[in-house]
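Undergrad: Supplied in structure tokens, the structure appears directly below.
The values are calculated or read from the model by the stated rules, or taken from the named source; none is laboratory data. Here the structure is a predicted model, which means the values were calculated and not measured. Cβ sites come from the backbone with ideal geometry, for glycine too, and all protein chains shown count toward neighbours.
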Amino acid sequence: MIEIDYTVEIAAPIDEVWAYLWTIPNWAHLMIGFQTVKVVDEQHSVWTLKGDVGMLSREVDLEVIIDEWEPRSFLNFTVNGLTEQIAGGGTFRIGEVPDDSAPASAGPVASPAREPWSRRLRRRWAEFLFGMIAKSARKKAGRRTRDESTGTPTTTPTTTLTATTAPANASGSGPRSRLNFHLEVSPGGPMAPMIELLMSPLLEPAAKDLAIGIRTELEGREQ
């Protein structure tokens, strides 16, 4: 099983954060690899995500069910793979940030030091593997750029992963909320160990992008 935690502070009141989260189409597009989402009802939706796992690129259909919630506090959901053997679940948890508290920087809640040694070993190996893949891709991209004699110069797009600063009004001017996103995913089937190894380093950036994207959209609304 792969577990990811990520927490951000949002310059918005709890009621506003809760209303935003409860309406799935508000934030579905923030998921990495998002293609479509079909809302069956308030608690039931079907997602199509596309991602690259190792040398594979495929679309995956997932059923997401909100099965437990408390307004202004938390919502739990389960995930079932419809086209792949994937199971899991997660939680959005909301809390109020006291005015006199120092803003917490965004980041994982769980310390890697508390992970079982086997999980740390798999994570370190996956980080090394994907680091080598990314390094190779950057070299190829650099060669393609140098070989181009015409056309518009290519630039590297800026991703939301760089937006890890504190909220705009973190100094205490206005209500703030703390949002924690927790996700657990368990691949199944005979290739489960390899898929888990490849997915592990991909889920943390996905959790970061989602949490930071939610914060950005909420803070960008007119007050």
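Undergrad: Are there any pairs with C-beta distances below 7 angstrom linking a residue in segment 57-71 that is outside any strand (DSSP E or B) to a residue that is surrounded by 12 or more Cβ atoms within 10 Å (Cβ to Cβ) and not acidic (Asp, Glu), with the two at least 6 apart or on different chains, and if so which?
TA: That search, which allows pairs on different chains as well, returns 71/18.
Undergrad: When you look at residue 143, is it of a type in the set (Lys, Arg) and at pLDDT 65 or above, yes or no?
TA: Answer is no for this residue.
Undergrad: Which residue, of 102, 87, is outside any strand (DSSP E or B), at pLDDT below 95 and either of a type outside the set (Ser, Thr, Tyr) or closer than 30 Å to residue 45 by Cα (or both)? So that I can check it myself, show each step before the final result.
TA: Working: 87 fails: outside any strand (DSSP E or B).
None of the others qualify; the one that does is 102.
Undergrad: Of all residues in segment 10-36, which are more than 16 Å from the chain's Cα centre (by Cα) and either closer than 21 Å to residue 87 by Cα or part of a helix (DSSP H, G or I) (or both)?
TA: Matches in segment 10-36: 14, 15, 16, 17, 18, 19, 20, 22, 36.
Undergrad: Okay, next question. Can we say residue 34 is of a type in the set (Phe, Trp, Tyr), without any contact (Cβ under 8 Å) to a residue 60 or more places away in the chain and closer than 16 Å to residue 207 by Cα? Let's see the steps before the verdict.
TA: Working: of a type in the set (Phe, Trp, Tyr): yes; without any contact (Cβ under 8 Å) to a residue 60 or more places away in the chain: yes; closer than 16 Å to residue 207 by Cα: yes.
When the stated conditions are applied, residue 34 passes them.
Undergrad: To continue, here is another question. Given (1) surrounded by 15 or more Cβ atoms within 10 Å (Cβ to Cβ); (2) touching a helix residue (DSSP H, G or I) at 6+ places or on another chain (Cβ under 9 Å), identify the lone condition not met by residue 28.
TA: (2)
Undergrad: Now for a separate question. Could you tell me whether segment 38-59 includes any residue that is surrounded by 13 or more Cβ atoms within 10 Å (Cβ to Cβ), more than 24 Å from residue 217 (Cα to Cα), touching a Leu at 6+ places or on another chain (Cβ under 6 Å) and at pLDDT 90 or above?
TA: No.
Undergrad: Let me spell it out: the conditions are (1) touching a residue at least 60 places away in the same chain (Cβ under 8 Å); (2) over 21 Å from residue 205 (Cβ atoms), and residue 1 meets all of them except one. Which number is the exception?
TA: Answer for residue 1: the failing condition is (2).
Undergrad: Another question, then. Mind listing just one residue for me: the one in segment 60-91 that is within 20 Å of residue 187 (Cβ to Cβ) and of a type in the set (A, V, I, L, M) and, of those, surrounded by the fewest Cβ atoms within 10 Å (Cβ to Cβ)?
TA: Residue satisfying both the conditions and the ranking: 82.
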